[in-house]
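Engineer: Handing you a structure now.
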Amino acid sequence: MDELISPAVVARLRAAVEAVAPTRHLPALVQAEGAVRGVRLRERVDIVRDALLSDVPAGFPAAERVVLDVLDEPRFGGWMIWPTTEFIAARALETASTRDFDAAMTLLARLTVGLTGEFAVRELLNTRPERGLRIMEAWTEHDSEHVRRLATEGSRAYLPWAKRVPWLLAHPRATRGILDATYRDPAEYVRRSVANHLNDLGRVDPSVVTEAAAAWAGEPDANTPWVLRHGLRTLIKRADPTALALVGFTGDSLHVAQPRIPAAVVPWGGDLTFTALVTNHGETDATVAIDYSIGFQRANGSVSAKTFKLGSRRIAAGGSTVVTKTHSFRPLTTRTHYPGPHHVTVQANGVLSPPEGFVLGREGRS
């Protein structure tokens, strides 16, 4: 991913700026073409942002004029937009001007159509969160799904790769207006962002999440059940009773037996297969969400669990069901496996089985 902002991309950005400002010298951007080599993507963004700050005259109006002009330049687009959004945010924050703040938000909305402004908008939210959210709430009525998504995604509590906005964590109800306006958005792109935003809030204040979900369940459209399932997924894994009920899971007299595995040692790069018996001791049928957790060995010798979805089952009153799953331990770029003791646990509506241990072997490790 580092090469998304390559020397060639920086050169195209420089050419685009030169085309709209032919008398302007851009020595920092020239230097940035070489400086981005061999460093990570985040550092590349910073290098190009700082080059723009150096090459474009001081003051927000100059930055605004260059960006407005370059938007119409054919060479401008793609990943060069990311450092451009951060340049705009940084230049706007050099003053305490409300006009500059609002103009920067407007520019981010225009730029996000080409890539995203979700990281840069965090800089602005950190300085004026309430004003920023008022502007973002207005974006929920924008014609562009990209701008509507900037409202839902840019204001998430735990936006991946992005700076935290502590004010959002301290005021978890502050984005409710944005979510209420977009949970039935016509674009799946936006609805998925709404669900992820709701799931983030479950880590801050579960009551905020279940209140919003209950309101949406009362005024649904055809896509609302999916938004609720995805947005409540963490609370469902935690067996939050309100969250379970909102997505139709029932059964409060469940028992999950200790998983059974055929071998105590899983070869390196191999598969773990396990089965578990789930029993409904209740007097009515139960609709059950079934998940499993793997306790992964970490580099320091501790064990850290991660939960995975297994599915859902309808279990008759007094009945049982057997669940079976094969989990692969093949090498992944997103997870480093370590040999040694692990364990697997199965849960039904949050009711946990006893853990069953196994060992991930060293065989075949390179």
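Engineer: What per residue convex hull volume, in Å³, comes out for segment 79-210 when only alpha-carbon positions are used? Before the final figure, lay out each step's value.
Structural biologist: Details: hull volume 12.2 nm³, N = 132.
Cα-based convex hull of segment 79-210, divided per residue, equals 93 Å³.
Engineer: Further question: Just for the Cα atoms in segment 194-237, what are the lengths along the principal axes, largest first, rounded to whole Å?
Structural biologist: Projected onto the principal axes, the Cα atoms of segment 194-237 cover 27, 16, 15 Å.
Engineer: Got a number for the accessible area of Tyr158? Probe 1.4 Å, square angstrom, nearest 10.
Structural biologist: Rounded to the nearest 10, that gives 50 Å².
Engineer: For the chain, report the % of Cα-Cα distances exceeding 32 Å.
Structural biologist: Details: 32462 of 66795 pairs.
Cα-Cα pairs in the chain separated by more than 32 Å: 49 percent.
Engineer: Calculate the FRET efficiency for Arg24 and Leu68 from the Cβ-Cβ distance with a Förster distance of 22 Å, rounded to the nearest 0.05. Can you show the working numbers first?
Structural biologist: Details: r = 15 Å, r/R0 = 0.68.
The formula returns an efficiency of 0.90 here.
Engineer: Follow-up. How much of the accessible area of the chain, in percent, comes from carbon and sulfur atoms when a 1.4 Å probe is used?
Structural biologist: Of all accessible area on the chain, carbon and sulfur atoms account for 51 percent.
Engineer: Further, regarding this structure: Measuring from label point to label point, each 7 Å out along Cα→Cβ, what is the Arg238 to Asp143 span in nm?
Structural biologist: 4.2
Engineer: Report the net charge of residues surrounding Asp69, where surrounding means a beta-carbon distance below 12 angstrom and charges are Lys +1, Arg +1, Asp -1, Glu -1. Mind dumping the intermediate values first?
Structural biologist: Working: positive: Arg24, Arg65; negative: Glu18, Glu64, Asp72, Glu73.
With Lys, Arg at +1 and Asp, Glu at -1, the neighbours total -2.
Engineer: Could you let me know the centre-to-centre spacing of segment 200-266 and segment 319-358, using Cα atoms, in angstrom?
Structural biologist: Using only Cα atoms to place each centre, the spacing works out to 19 Å.
Engineer: Specify the inter-centroid distance of segment 33-67 and segment 106-155, based on alpha-carbon positions, in whole Å.
Structural biologist: Each part reduced to its Cα centre gives a spacing of 21 Å.
Engineer: Which value in deg cm²/dmol, rounded to the nearest 500, describes the helix-derived mean residue ellipticity at 222 nm for the chain, given -39,500 (n - 2.57) per DSSP H run of n ≥ 4 and division by the residue count?
Structural biologist: Numbers: 16 runs with 163 residues, N = 366.
After summing the helix terms and dividing by the residues of the chain, the value is -13000 deg cm²/dmol.
Engineer: Residues of the chain: accessible area per residue at 1.4 Å, in Å²?
Structural biologist: Details: 16890 Å² over 366 residues.
Accessible area per residue, the chain: 46 Å².
Engineer: Compute the long axis of helix 60-70 from its Cα atoms, compare it with the longest principal axis of the Cα atoms of the chain, and write down the angle in degrees, 0 to 90, nearest 10.
Structural biologist: Relative to the chain, helix 60-70 is tipped by roughly 80 degrees.
The values are calculated or read from the model by the stated rules, or taken from the named source; none is laboratory data. Model, not experiment: these values are computed from the prediction. No Cβ is skipped: glycine too gets one built from the backbone with ideal geometry, and neighbour counts run over all protein chains shown. Surface areas here come from the heavy atoms of the whole protein model, side chains and all, with no ligands, DNA or RNA. Shrake-Rupley method; radii C 1.70, N 1.55, O 1.52, S 1.80 Å.
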